[in-house]
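The block underneath contains the structure these notes are about, expressed in C-alpha cells.
A short reminder: the numbers here are calculations on the coordinates, not readings from a lab. These numbers come from a predicted model, not from an experiment. Please note: Cβ atoms are built from the backbone with ideal geometry, for glycine as well, and neighbour counts cover all protein chains shown.
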Amino acid sequence: MSAIAERLQSVRAQVAAAAERVGRAPDGVRLVAVSKNHSVEAVAEAAAAGQVLFGENRVQEAAGKVSALPDHLDWHLIGHLQMNKVRKALPLFRMIESVDSAELAHAIDRIAEELGLIVPVLLQVNAAEDPAKYGFTAESVRETLPGLLRLPRLQIRGLMTIPAFTEDAEGARPAFSRLRELRDALEHEQGIRLPELSMGMSHDFPVAIAEGATLVRVGTAIFGEREKA
Ligand SMILES: *Cc1c(COP(=O)(O)O)cnc(C)c1O
C-alpha cells in the first residue's frame, strides 16, 4: 500500500471513531482531502485508494488537476475566491466552501445565471473574529443571510470556519461549538435548513466531529507536509 493510501485509511478510521464516540453515523461526516500544493500524482494515489472528494484553495492549481485527473472526482474550493476568477471557478467546483462576502455571493449568483449553473456554497464565518481573516462575523452573517437567500443561483448549504490555530486541538472546540450554535440559530430565525458544517483540519478534526462537523478538511494527515508555495 502507498504511504498516501495508508494515511488515508488511518484518517478514515479516525473519522469513523470520532463519529461513533458521540453517537453519530460515520457516513454523516465527509472527508475532504485537501490536496493544495500537492502533485497530480499524489491526488491520483488518493483517488486510487477510493477518495473522491478533494479540496483546493487556488483556482489555477485546481484547473490543472481537474483536467489531468478522472472525471468522477469532486472538488471543493476552500480558499478565498477573487472576483475575477469566479467565471473560471464555477465549472470546476462542486461546492464553494469559502464564500466570504456578500459581494462575492452576488458575483457568483450573477455568473452562475450566465453559465446556467446552480452553485452549492457555504458561508465562511470567521469564528475567531479575527479581522485579518476573510469571512463573515457572526453578526454580519445574520444581517446578510436574508438577502443571500433570495439569490436564485446560490444554494446555501451551511457554514464553514477556520479557527485561530491553537497548539492543543481542544483549543478549537469553543470556535466549533459557536459555529454550530450560530447555524442552529440561523436555521431557526430564517426557517431554513443549513445541513453542512465544514470545520476541522488535520490536527483537530476529531474535536470538530464531536461538535457536529459534516465536512472535515484534512491535508497534511493524508498527503504529508506541503512544500511551501
Ligand atoms: C490547507 C487547508 C486545510 C488543511 O489543513 P491541514 O492542516 O493540512 O489538514 C483545511 N482547510 C483550509 C481552508 C485550508 O486552507
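Quick look at the values:
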read-out	value
Virtual paramagnetic centre 7 Å along Cα→Cβ of SER39, amide N under 18 Å, in region 189-227	220, 222-227
Virtual spin-label span in nm between SER2 and GLU227, 7 Å along Cα→Cβ	1.6
Fluctuation leader among GLN190, GLN155, GLN51 - the chain, Gaussian network, Cα springs under 10 angstrom	GLN190
Residue-averaged 222 nm ellipticity for the chain, from DSSP H runs of 4+ at -39500 (n - 2.57), nearest 500	-12500 deg cm²/dmol
Most fluctuating residue given options VAL11, VAL40, VAL32, as computed from a GNM of the chain linking Cα atoms under 10 Å	VAL40
Nearest-20 debye value, region 8-57 charge dipole, Cβ charges on Lys, Arg, Asp, Glu	220
Long-range HN-HN contacts of GLU196 with modeled amide H, under 5 Å	GLY158, LEU159
Nearest-20 debye value, region 91-180 charge dipole, Cβ charges on Lys, Arg, Asp, Glu	380
Where labels lie 7 Å past Cα in the beta-carbon direction, separation of LYS88 and VAL52 in nm	2.8
For ARG30, residues with placed amide H under 5 Å, excluding near neighbours	LEU215, VAL216
Inter-label distance for ARG21 and ALA164, nm, one decimal - labels placed 7 Å from Cα along Cα-to-Cβ	2.4
Given charges at beta-carbon only (K, R positive; D, E negative), |dipole| of region 34-114 in Debye	180
Mean Cα-pair separation over length for region 17-92, i.e. relative contact order, pairs under 8 Å, 6 or more apart, %	27
